[in-house]
Each structure stands twice: as C-alpha cells, then as structure tokens.
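Here's the structure we're looking at; comments come further down.
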Amino acid sequence: MDHHRSHSPNSSSRHHRSALRAEKDDGGRNPSDNKHFRPNHHKHQTGPTATRKELYERDFPVYKQPVEVGCFSLDSKRRFFNDDRQLRYYVAPDRNPHFDLRDGYRDRYIQRDDGVKEKLDHMLRWILANRSKVGSTVTAASALDVDFVTWRGHLTKLLTTPYETREGWLLAVTRFRGTLYISEVETEAARRERESRSERHVEMMYWGYKFEQYTCAGLDLPDPSGAVNTNEAFCTVVKTRLSQSLRFLISSRYITCSDVYN
C-alpha cells in the first residue's frame, strides 16, 4: 500500500508470516502422493499440501450464508473509492442482438497491468475506512473481530485443490493481532503462462469484457462505443462463518453487475 502502509498488517514488526504451497508435477500429480516424498517439518519453511481425494471425503462443516457489509470501487487508474460508483446493472439485450465483440480491441482497449500485484492493499484500505463494520473499535490499534481476511478467489483455490490437476498455487499468510491475512503469490509457472499468452488468447479475453460493455451500464443504457478499461472494478465485502468458530472477512473481486436495473 502507499500512504496507508504504516497501518497495514504487513508493515508491523509484530507479525508472523508463513506460506502454503500446492504443487503439481509434470504428470499433474502432487509430490506428496509419491511414496518417496517426505514433508519438511521446519516451522518456517514451505511444503506441498496433500491433495489425495480420500483425505477430504468427510462431512462439510456448517457454513453460514455470507452477509454483505460493504463495497468499494476502483476507477480507471486503479484508485480506491469507498463507495459503489463502479457498480453496473444488467440490461437485457434485444431478442436478436448483434454484438461485435472485436470492436475496439485495437484502439479502445486499456488493459490493467497484470504484472503489478496488489495483494490485499484494497481490502486493507476498505478495513481502515470501515473499522466499525468489522466488529472492532474505531482505534487503529485494536484487533479485528474476524479470524481471516482474504479474497474469495484464494479460498476457491484452496477448496478445489483436491480436484485441480494442472495449476499449483502459493499463498502467503500473515498473522497480525490475531487475524490471518491470506494473499496470493504468483508462482513461476503462472508468471510464464501470463507472459507467454498469444495474441489470440489476449483477444479472446477481450471478448468477455466487450460483452459486459454491451449488457451492463450505470444509470444510463449500455454504450459500446466507449473504451474497455480493465482497471475499473466494483467489489463487495462480506462476512461469514465456517463451523462455529472461524470468522471470515472476504472480498469478491470484480462483481460484473447487479441484476436490478431501474
């Protein structure tokens, strides 16, 4: 983070940081499935997470329905705003729409720099601006009333690990005043894939953004003549509980639109 860094959990000397890793070999197997694999038990070193399906075949703990406690917006320059200015609404197209998903790709496509890793910066900005909504007092030194802070996509990676046979992941975990902050670290394999995307791949990604431009709008009707800018985003923040003891504060990155349009 920038000027908020002095209040960030990552900026304190009184925190503990570790890493969780899921790795896949060339055959799509996890190294821990190999009988010759021996996990490293040193406290601060990373090790692969077991992905054998039989380890997870049990009743799922009680999961409380998430409750939205806030939202935030990122503008065309990735600046944070503690409001819903980037919220869009779904506008149903005509019965026979004519969408040109390639329109604007060459001259009106502003791509976010995927090489810049924002980690939990925007979530931390939201927390600083909304201390009362996370069950804490208004003082910056007080602890949050949640056990985990993370992005929804990070939990998706964790939960699908037993069934994912191609892509690994690496998560950094920081404990600060009793709360665990989970952030993703780009693996070397993910970096190589990102940097080697073909022109065709990039254009096909654009098609999805362009479709959103045809079917989503703010207070007006959709305007497909404008630029597609992937820096812009609207995000919600929810609280939930897993079993009876684990409390989560989760942000859903990039909510495309709401299904209510007035």
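The values are calculated or read from the model by the stated rules, or taken from the named source; none is laboratory data. Since the structure is predicted, the reported quantities are computational estimates derived from the model, not experimental observations. We place every Cβ from the backbone using ideal geometry, glycine too, and count neighbours over all the protein chains shown. Side chains included, ligands, DNA and RNA excluded: accessible areas come from the protein's heavy atoms. Shrake-Rupley method; radii C 1.70, N 1.55, O 1.52, S 1.80 Å.
Tell me, which residue of segment 244-262 that is more than 19 Å from G135 (Cα to Cα) and out of contact with any Phe, Trp or Tyr (no Cβ under 6 Å at 6 or more places or on another chain) is modelled with the highest pLDDT?
The qualifying residue modelled with the highest pLDDT is T256.
Can you tell which of R166, R152 is in contact (Cβ under 8 Å) with a residue 40 or more places away in the chain, in contact with a Lys or Arg (Cβ under 9 Å, 6 or more places away or on another chain) and closer than 17 Å to L246 by Cβ? Even if it seems obvious, please write down each step before you answer.
Values: R166 fails: closer than 17 Å to L246 by Cβ.
Just one listed residue meets the conditions, R152.
For segment 52-84, give me each residue that is at pLDDT 95 or above and among the basic types (K, R).
Residues satisfying the conditions are K77, R78, R79.
In segment 170-189, which residues are assigned to a loop (DSSP other than H, G, I, E, B) and either open to solvent by 60 Å² or more (accessible area, probe 1.4 Å) or in contact (Cβ under 8 Å) with a residue 40 or more places away in the chain (or both)?
Taking segment 170-189 and keeping what is assigned to a loop (DSSP other than H, G, I, E, B), we get 177-178, 185-187.
Within segment 170-189, R177, V185, E186 meet the criteria.
Within segment 190-210, take every residue that is open to solvent by 60 Å² or more (accessible area, probe 1.4 Å) and of a type in the set (A, V, I, L, M) and give me the one that is farthest from D100 (Cα to Cα).
Among those that are open to solvent by 60 Å² or more (accessible area, probe 1.4 Å) and of a type in the set (A, V, I, L, M), it is M205.
Read through the list (1) of a type outside the set (G, A, S); (2) farther than 28 Å from Q86 by Cα; (3) at pLDDT below 95; (4) assigned to a loop (DSSP other than H, G, I, E, B), then give the number of the only condition that L158 fails.
Going through (1) of a type outside the set (G, A, S); (2) farther than 28 Å from Q86 by Cα; (3) at pLDDT below 95; (4) assigned to a loop (DSSP other than H, G, I, E, B) one by one, L158 breaks only (4).
So which of T256, T236 is in a loop (DSSP other than H, G, I, E, B), β-branched (V, I, T) and closer than 21 Å to R112 by Cα?
Working: T236 fails: in a loop (DSSP other than H, G, I, E, B).
It is T256.
So in segment 68-84, with the set limited to residues that are free of Cβ contacts under 8 Å to residues at least 24 places away in the same chain and open to solvent by 50 Å² or more (accessible area, probe 1.4 Å), which one is farthest from C235 (Cα to Cα)? Lay out the reasoning, then the answer.
Our first condition is that a residue be free of Cβ contacts under 8 Å to residues at least 24 places away in the same chain; within segment 68-84, this holds for 79, 81, 83.
Applying the additional criterion that residues be open to solvent by 50 Å² or more (accessible area, probe 1.4 Å) yields 79, 81.
Values: R79: 13, F81: 11 Å.
Restricting to residues being free of Cβ contacts under 8 Å to residues at least 24 places away in the same chain and open to solvent by 50 Å² or more (accessible area, probe 1.4 Å), the top hit is R79.
Can you run down the residue pairs with Cβ atoms below 8 Å, 6 or more apart or on separate chains, where the first is in segment 205-223 and under 11 Å from G104 (Cβ atoms) and the partner is surrounded by fewer than 14 Cβ atoms within 10 Å (Cβ to Cβ) and among the small types (G, A, S)?
Q213/G226
Filter segment 217-255 for residues that are among the charged types (D, E, K, R) and open to solvent by less than 60 Å² (accessible area, probe 1.4 Å) and give the result. Quick ask: steps written out before the conclusion?
So in segment 217-255, the residues among the charged types (D, E, K, R) come out as 220, 223, 232, 239, 241, 247, 253.
Within segment 217-255, just K239 meets the criteria.
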